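One structure is given below, encoded as structure tokens.
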Amino acid sequence: MISPPAKYPRNAVDKSLRIPKAILEQNAGKPCTVAESASFLGVGAAGPYQVEVSSGIKYGFLERPNPGQIAVTDRAKRILRPQDPQDRLEGMREAVLSAPVISEVYGHYRGENLPDSQFFHNTLIDTFGVPADKVQEFQDIFIDSLNAAELLAEADGKTRVIDVSTGSSDGGSSPTLKKLEKSVKVDANDSCFVMMPFAPPLGDYYAKIYKPAIEKAGLRPVRADAEIFGTGKIIDQIWTGINSAKVLVAELTSRNPNVFYELGLAHALEKPVVLVSSNEADIPFDLKHIRVIYYDVNDPFWGNKLMDKVAENILSAINHPEEAVLRKRE
């Protein structure tokens, strides 16, 4: 069976600048036909060259001003002929974050470590519709493009996807959340139980970040403190909250023992849990194969970014619980 045409650019972002560069250097940046652009490079205009043209268009480096013509965009000019030290990097990031499928996968994993190869492979097929026979090609293009745009960082053998968004400060939904809202069914009584320390500063994040994030995802936020549960044995209240929750959030920063106890209960029940931490060292080895949101309180936009990301991952965990559930070994 032949796969349908790829929606994503089939060349990495830096390689897709070859044609715009040739048009700038050999045609003074004026529009030309595809065949003319190929002649500037001394190659044929069929097959792979058409794929390269398509990639340039998908990254926003080329446009079609008239039928049969291609032209260099302002984005490509900013990268190839920068007038400011940040022009190239900003242009590359704009290209990656606007490219079909690549931008969606970036949005899914921003602020997280990329998962192990098999989990990444499955997610690309099941969540993003990348054909199975194109997964390796897409992975290579994705990694190369994000590296070129300085959107990846290596640490302790893991690859972190850098979040360069500013978050939805107006309370609106991010593009990723809007897409998830269309595919995830949430009932009015569905709750999200939050496992976190109560003492400040972490305890303050409940009202400022986690509660509004959960509400943005359409669920009812619940936290195991006296204000919410009232009197009674706290462990019974925690068990009830965890057992009845559709999804949970665990703030793992500082390795609070109570939080890890509650997390153990949630995992025993095979509940999907959104893990969050400001410090990767606080994530035990046994949990590192599950998606974890990392945040940096030194980032001026960290609160809005974390709120958006938690809301997205809550719906993603409902839609794809295998990404957020610690499965029992057979």
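Scanning the stretch 162-208 for residues that are out of contact with any Lys or Arg (no Cβ under 6 Å at 6 or more places or on another chain), of a type in the set (A, V, I, L, M), closer than 13 Å to Ala311 by Cα and surrounded by 21 or more Cβ atoms within 10 Å (Cβ to Cβ) yields Leu177, Leu180. Condition check for Pro115 on (1) modelled with pLDDT of 95 or more; (2) at negative phi; (3) buried (at least 17 other Cβ atoms within 10 Å of the Cβ): one failure, at (1).
Across the stretch 82-112, what is the total count of residues that are part of a loop (DSSP other than H, G, I, E, B) and either among the hydroxyl-bearing types (Ser, Thr, Tyr) or surrounded by fewer than 19 Cβ atoms within 10 Å (Cβ to Cβ) (or both)? Give the derivation first.
So the first thing to find is which residues in the stretch 82-112 are part of a loop (DSSP other than H, G, I, E, B), and the list is 82-86, 99-101, 110-112.
Those left that are additionally either among the hydroxyl-bearing types (Ser, Thr, Tyr) or surrounded by fewer than 19 Cβ atoms within 10 Å (Cβ to Cβ) (or both): 82-86, 100.
Residues flagged as part of a loop (DSSP other than H, G, I, E, B) and either among the hydroxyl-bearing types (Ser, Thr, Tyr) or surrounded by fewer than 19 Cβ atoms within 10 Å (Cβ to Cβ) (or both) within the stretch 82-112 amount to 6.
Using the structure shown, decide if Glu280 is in contact (Cβ under 8 Å) with a residue 24 or more places away in the chain, surrounded by fewer than 21 Cβ atoms within 10 Å (Cβ to Cβ) and at positive phi. Against the criterion (in contact (Cβ under 8 Å) with a residue 24 or more places away in the chain, surrounded by fewer than 21 Cβ atoms within 10 Å (Cβ to Cβ) and at positive phi), Glu280 does not qualify.
Within the bounds of the stretch 124-133, is there any residue that is under 30 Å from Glu25 (Cβ atoms), of a type in the set (S, T, N, Q) and under 15 Å from the mean Cα position of the chain (by Cα)? If you could, list the steps in order and put the result at the bottom.
The initial filter retains those residues of the stretch 124-133 that are under 30 Å from Glu25 (Cβ atoms), namely none.
Within the stretch 124-133, not a single residue is under 30 Å from Glu25 (Cβ atoms), of a type in the set (S, T, N, Q) and under 15 Å from the mean Cα position of the chain (by Cα).
Scanning the stretch 279-305 for residues that are small (Gly, Ala, Ser) and within 17 Å of the chain's Cα centre (by Cα) gives a single hit, Gly303.
Based on this model, can you work out whether Lys77 counts as more than 19 Å from Pro4 (Cα to Cα), among the basic types (Lys, Arg) and in contact (Cβ under 8 Å) with a residue 40 or more places away in the chain? Before the answer, list the steps.
Details: more than 19 Å from Pro4 (Cα to Cα): yes; among the basic types (Lys, Arg): yes; in contact (Cβ under 8 Å) with a residue 40 or more places away in the chain: yes.
Against the criterion (more than 19 Å from Pro4 (Cα to Cα), among the basic types (Lys, Arg) and in contact (Cβ under 8 Å) with a residue 40 or more places away in the chain), Lys77 qualifies.
Within the stretch 153-167, the set of residues being without any contact (Cβ under 8 Å) to a residue 24 or more places away in the chain and touching a strand residue (DSSP E or B) at 6+ places or on another chain (Cβ under 8 Å) comprises Ala153, Glu154. Being under 30 Å from Asp299 (Cα atoms), modelled with pLDDT of 95 or more and among the hydrophobic types (A, V, I, L, M, F, W, C) is the requirement here; does Val161 meet it? Answer is yes for this residue. When restricted to residues that are of a type in the set (A, V, I, L, M), modelled with pLDDT under 90 and crowded, with 17+ Cβ neighbours inside 10 Å, the stretch 209-237 contains 1.
The set of residues from the stretch 123-142 being in contact (Cβ under 8 Å) with a residue 12 or more places away in the chain and in a helix (DSSP H, G or I) comprises Thr123, Leu124, Asp126, Asp133, Lys134, Val135, Glu137, Phe138, Gln139, Asp140, Ile141, Phe142. Would you check if Ala6 is buried (at least 18 other Cβ atoms within 10 Å of the Cβ), modelled with pLDDT under 95 and under 27 Å from Thr176 (Cβ atoms)? Yes; evaluated as a whole, the condition is true for this residue.
The values are calculated or read from the model by the stated rules, or taken from the named source; none is laboratory data. Predicted model, so just to flag it, every value in this text is computed and none were measured. No Cβ is skipped: glycine too gets one built from the backbone with ideal geometry, and neighbour counts run over all protein chains shown.
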